[in-house]
Amino acid sequence: MSENKNQTFVKGALILVAANILVKVIGAGFKIPLTYILGEEGMGLFSTSYTIYSLLFIIATAGLPVAVSKMVSESRTLGKLSEVKLILKVSFAILSVIGIAGFFILFTFAEKFSVMLNNPRAALGIKAIAPAMLFVALMSAFRGFFQGHQNMFPTAASEVFEALGKLIFGYGLAFYFTSTITNDIERINFGAAGAVAGVSLGALLGFAVLLIIYLSKRKTLYTGESIKAHRNGGEIARKLISIAVPITIGASVFSLTSIIDMAMIMRRLEAAGFDPETTALALYGSYTGYAVPLFNMPPTLISSISISVVPAIAGAYVKKEHGFVSDLTKKSVKITLLFALPCAVGMSTLAEPILRAVYTNANAAQTLSILAIAIVFVSLVMLTNAILQSIGRVNIPVVNMLLGGVLKIVINYILVANPQINISGAPIGTNACYILILTLNVFWIVKLMKVKFSLAEFVVKPVICVAAMGASVIAVMSVMNAFAASPGRVFYLALTLICIAAGALVYGIMLFVTRLVTYDDVLMLPKGEKIANYMLKFRLIRR
């Protein structure tokens with residue numbers, strides 16, 4: 001039974017990972033060419049518009065989809081199918097109101113928000129992204145509903161179409177404005193606004209896909225015997241809000257600190273002696289437009305595990321299957337760690353060639369090298385937050401995120417104003433922030449769930465594997481650089497790909513050498529028993 005549940009969990013995570021990879025490829029096709037037509041100034045405007053939208057986006061969508069997923073999973077597990085249907089109706093109504101309110105707030109106060117962030121030129125972009133609030137909110141209701149059924153395909157499909165819409169409409173509008181407007185200031189302002197308008201149109205397309213999937217499947221979603229629902233619409237609304245509010249506060253705390261952080265970076269760079277209209281904006285644009293998007297890719301892919309783990313643990317926890325809950329917690333942490341560690345070390349080591357290959361601009365190499373280390377901490381924080389939320393302890397991540405956010409602001413305030421450190425202070429603060437949050441989350445998981453994490457399995461062996469991988473990457477990179485006469489973009493692309501291949505090979509070998517991958521781990525995969533027995537035959541794993 002547990003093996004079937006594990007396989008369902010992993011299958012859902014793999015579907016989302018595949019979709020997220022495709023979304024990231026599409027996103028790269030949007031963001032990378034965008035840097036060429038907008039430049040660092042335009043990317044600074046794009047990032048400012050998107051960041052203020054992100055705060056209201058998180059307020060609207062961070063908590064309710066998780067709450068919907070958790071409640072749908074619990075109600076389905078207990079056989080309350082009529083309650084499942086009511087949960088969707090109530091959540092859709094709540095999110096509709098939130099989405100409409102978010103749209104009006106963003107559109108009406110765009111100028112004030114842009115001035116508050118010390119970047120008045122971003123007002124047009126904030127207005128252009130405002131409609132996305134409504135469509136993303138409506139998508140969240142459907143996504144949480146399907147995730148509660150442990151069906152990740154609708155979420156995956158909507159994410160892909162949303163990304164395609166952003167690419168087609170966003171890049172098209174940005175290209176049109178930058179090609180037709182002659183005034184330099186207006187050209188960049190309207191180009192950035194056109195790019196973020198693509199976010200709104202992409203969200204509309206993603207919502208349309210989810211609506212079509214739901215209408216085509218609604219007759220089969222509620223079939224079977226159903227225990228009479230014990231909760232009415234008002235009770236469900238109160239329960240949804242009681243779960244969603246702490247999650248939203250926790251997510252909003254960090255988003256708010258990021259906005260404060262953004263405004264602070266500009267001002268602290270000015271305090272360090274940089275011109276706010278040119279050098280400071282370029283440094284900020286380089287960090288947020290070049291380093292941050294690359295850094296965000298691995299955690300976004302790994303977040304699929306967090307999305308899948310909530311309904312899986314919530315359904316088992318409500319039936320008091322504590323052994324399965326503990327086992328799945330350890331397995332999900334292990335999977336996340338084994339994916340995140342090589343991503344963090346690989347991106348940190350290859351920061352300069354990656355930037356030269358992708359953007360032909362390595363100004364953000366130092367900040368990306370520092371920021372990339374945080375990939376492992378961010379990924380584990382996302383997962384451990386989801387684990388605590390799935391067992392109903394939604395307040396704990398709120399406090400932990402608040403403490404981490406305060407630490408980030410303090411470190412950034414001190415370091416960014418130092419002329420020698422300047423913009424590098426921001427990724428240092430990010431690392432410190434997430435290390436603190438992760439430490440506190442793990443403490444509470446161990447205390448509340450009695451989960452025992454082996455030091456050898458979760459620290460020593462993974463570090464040995466990733467250290468060997470890192471050494472191989474540095475060795476290959478040194479050899480290739482020694483033979484490079486006049487390195488260009490093609491060389492750096494080849495260097496990056498060859499180093500990634502070499503690192504992946506060494507890392508994979510080390511996973512088996514250290515016996516970090518076990519028979520039970522392989523069983524979690526679709527057709528896991530067949531794969532595990534095959535690997536046993538060649539002595540790659542042991543029972």
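Just a few scattered comments:
- Odd one out for Val72 among (1) hydrophobic (A, V, I, L, M, F, W, C); (2) within 17 Å of Leu204 (Cα to Cα); (3) surrounded by 24 or more Cβ atoms within 10 Å (Cβ to Cβ): (2)
- Every residue from the range 161-186 that is among the hydroxyl-bearing types (Ser, Thr, Tyr), more than 17 Å from Ile129 (Cα to Cα) and surrounded by fewer than 20 Cβ atoms within 10 Å (Cβ to Cβ): Tyr176, Ser179, Thr180, Thr182
- Residues being touching a helix residue (DSSP H, G or I) at 6+ places or on another chain (Cβ under 6 Å), modelled with pLDDT under 80, under 23 Å from Arg187 (Cα atoms) and polar (S, T, N, Q) are represented in the range 51-60 by at least one member.
- Per the conditions (1) over 24 Å from Leu301 (Cα atoms); (2) at pLDDT 80 or above, the sole criterion not satisfied by Gly29 is (1).
- For the range 501-520, a residue qualifies if it is of a type in the set (Val, Ile, Thr) and modelled with pLDDT under 95, and the qualifying residues are Ile509, Val513, Thr514, Val517, Thr518.
- Annotation: of all residues in the range 314-353 being β-branched (Val, Ile, Thr) and within 20 Å of the chain's Cα centre (by Cα), the one that is surrounded by the fewest Cβ atoms within 10 Å (Cβ to Cβ) is Ile335.
- Selection within the range 365-380: residues that are under 15 Å from the mean Cα position of the chain (by Cα) and of a type in the set (Val, Ile, Thr). The member of this set that is nearest to Leu341 (Cα to Cα) is Val376.
- The range 99-122: number of residues that are assigned to a helix (DSSP H, G or I) and surrounded by fewer than 22 Cβ atoms within 10 Å (Cβ to Cβ): 14
- Inter-residue pairs, beta-carbon under 7 Å, first in the same structural domain as Pro353 (by TED's automatic domain parsing) and among the basic types (Lys, Arg) and in the range 474-487, second modelled with pLDDT of 80 or more and part of a helix (DSSP H, G or I), 6+ apart: none
- Residue check for Lys320: part of a helix (DSSP H, G or I) and not β-branched (Val, Ile, Thr): no
- Taking residues in the range 168-183 that are without any contact (Cβ under 8 Å) to a residue 24 or more places away in the chain, and partners anywhere that are small (Gly, Ala, Ser) and assigned to a helix (DSSP H, G or I), the pairs with Cβ atoms closer than 6 Å and at least 6 places apart or on different chains are Phe177/Gly191; Phe177/Gly194.
The values are calculated or read from the model by the stated rules, or taken from the named source; none is laboratory data. Remember, it's a predicted structure, so these values are computed and weren't measured experimentally. Neighbour counts run over all protein chains shown; Cβ positions are idealised from the backbone, glycine included.
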